[in-house]
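Below is one structure, written out as structure tokens; the observations come after it.
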Amino acid sequence: MIKTPYYLIDKAALLRNMEKIAYVREHSGAKALLALKCFATWSVFDLMSQYMDGTTSSSLNEVKLGKLKFPGETHAYSVAYSDDEIAEVLAHSDKIIFNSIGQLTRFADESAHHVRGLRLNPGVSSSAFLIADPSRPFSRLGEWDADKVADVIEQISGFMLHNNCENNDFALFDHMLTDIETKFGDLLKRPNITWVSLGGGIHFTGDDYPIDHFCARLKAFSERYGVQLYLEPGEASITQTTTLEVTVLDTLYNGKQLAIVDSSIEAHMLDLLIYRESAKMAPNDGTLEYMVCGKSCLAGDIFGEFNFEKPLKVGDRLSFIDAAGYTMVKKNWFNGVNMPAIAIRQLDGSVELVKEFSFDDFVNSLS
């Protein structure tokens, strides 16, 4: 038995998402790139690369990982590149997307023979969180002024937009895409613009999503402007594929029943802390309620409140579901709490341990 805590990736569940992505690719003509900022566990890229067209990145390290581990296209994007990394970014990518006209101009000579794009900011988004809203006031993410973009449009061949965030509402997606067409339609019609990425955050692999309407909308957009569309599914690629397996270390009562486990939200599921959300657990329908807490010294290290059929005791195993996105890429050594191992349930049902972390990893992460 694998020692907890560990992330367990279920390839059968991952395959279901991949098949939906393949359906969208076939029926819309759009290409799909894995957003490495959300999920970069390359031990399952053997499966994912059969159903996706490549990767997109947010940094030099992600560009290099995508080029090394994921066959297909490698798109490079960063909010800002530095002088000492631009050569490597170009060497490891098929397309480079600049966040601003300033960056495009700064690296115009170095990237002159590369496929270049520019990020646009349409000023609308689906994010319910200000911290994650790319169209927040004074946002630095992309260019807003179509007239300024028109002045440099001959230097690029495509655009990237990213204004969806866990958006499972097709009507909202459709509305925002119409806004994009209204604001940037003249730019999209330019003959040298041959590709457009609509970014990630579109929850089209979720249950009951109107996938055929989605495909039709994408295809119509592509045909109207004569462009190759790209999607950048991160969360949509890996939703409901992974659990975080933990063990109860202690129980106590302080007005509520508490259970402390051998994991930590700040170290292992950081987005729960950032967005003040609870972890998910299934089943969660018993009559006994426990607040499940992490083992770090942070007072707010709390996974959430869950319902169990019987009292929890030391040694009980618990499983948090939907634990792939923005977890393994954000895990850290806060309090020296050991990082979860990574395991994969293969398609034949066998479980393979692919990565363990040790004291040496902790030591070597410092100096």
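The values are calculated or read from the model by the stated rules, or taken from the named source; none is laboratory data. All figures in this text were calculated on a predicted structure; none of them were measured in a lab. Here Cβ is always computed from backbone atoms with ideal geometry, including for glycine, and neighbour counts include all displayed protein chains. For the accessible areas, the whole protein counts, side chains as well, though only heavy atoms, and no ligand, DNA or RNA atoms are used. Shrake-Rupley method; radii C 1.70, N 1.55, O 1.52, S 1.80 Å.
The set of residues in the stretch 151-177 being open to solvent by less than 20 Å² (accessible area, probe 1.4 Å) and either touching a strand residue (DSSP E or B) at 6+ places or on another chain (Cβ under 7 Å) or among the β-branched types (Val, Ile, Thr) (or both) consists of Val152, Ile153, Ile156, Gly158, Phe159, Met160, Leu161, Asn164, Asn167, Phe173. Please find, within the stretch 51-105, the residue that is surrounded by the most Cβ atoms within 10 Å (Cβ to Cβ) out of those that are in contact (Cβ under 8 Å) with a residue 60 or more places away in the chain and not charged (D, E, K, R). Looking at the filtered set, the residue picked out is Thr56.
Test Asp84 against the stated conditions and say whether it is modelled with pLDDT under 95 and among the charged types (D, E, K, R). Spelling it out, it is not the case that Asp84 is modelled with pLDDT under 95 and among the charged types (D, E, K, R).
Only one of the listed residues (Ile211, Ile302, Ile238) is open to solvent by 10 Å² or more (accessible area, probe 1.4 Å), over 21 Å from Val337 (Cα atoms) and of a type in the set (Val, Ile, Thr). That residue is Ile211.
So that you can scan it fast, the table gives a plain yes or no per residue for (1) among the charged types (D, E, K, R); (2) within 30 Å of Thr194 (Cα to Cα); (3) at pLDDT 95 or above:
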site: Pro210; (1), (2), (3): no, yes, yes
site: Phe214; (1), (2), (3): no, yes, yes
site: Arg217; (1), (2), (3): yes, yes, yes
site: Ala220; (1), (2), (3): no, yes, yes
site: Thr241; (1), (2), (3): no, no, yes
site: Leu244; (1), (2), (3): no, no, yes
site: Leu249; (1), (2), (3): no, no, yes
site: Leu252; (1), (2), (3): no, no, yes
site: Ala259; (1), (2), (3): no, no, yes
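Among residues that are in contact with a Phe, Trp or Tyr (Cβ under 9 Å, 6 or more places away or on another chain) and open to solvent by 60 Å² or more (accessible area, probe 1.4 Å), Asn307 is not included.
Could we say that Lys148 is buried (at least 16 other Cβ atoms within 10 Å of the Cβ) and more than 28 Å from Gly72 (Cβ to Cβ) here?
Judged against the criteria, Lys148 is not a match.
Ile193 meets the conditions (1) closer than 24 Å to Ile97 by Cα; (2) aliphatic (A, V, I, L, M); (3) open to solvent by 10 Å² or more (accessible area, probe 1.4 Å) in every case but one. The failed one is (3). Flag: Asp285 matches the condition of being at pLDDT below 95, among the acidic types (Asp, Glu) and open to solvent by 20 Å² or more (accessible area, probe 1.4 Å).
In the stretch 141-176, what residues are without any contact (Cβ under 8 Å) to a residue 12 or more places away in the chain and within 28 Å of the chain's Cα centre (by Cα)? Those that are without any contact (Cβ under 8 Å) to a residue 12 or more places away in the chain and within 28 Å of the chain's Cα centre (by Cα): Asp145, Ala171, His175.
I want to confirm something. Restricting to the stretch 187-223 and keeping residues that are free of Cβ contacts under 8 Å to residues at least 12 places away in the same chain and assigned to a helix (DSSP H, G or I), which single residue is farthest from the chain's Cα centre (by Cα)? In this case the residue turns out to be Glu223.
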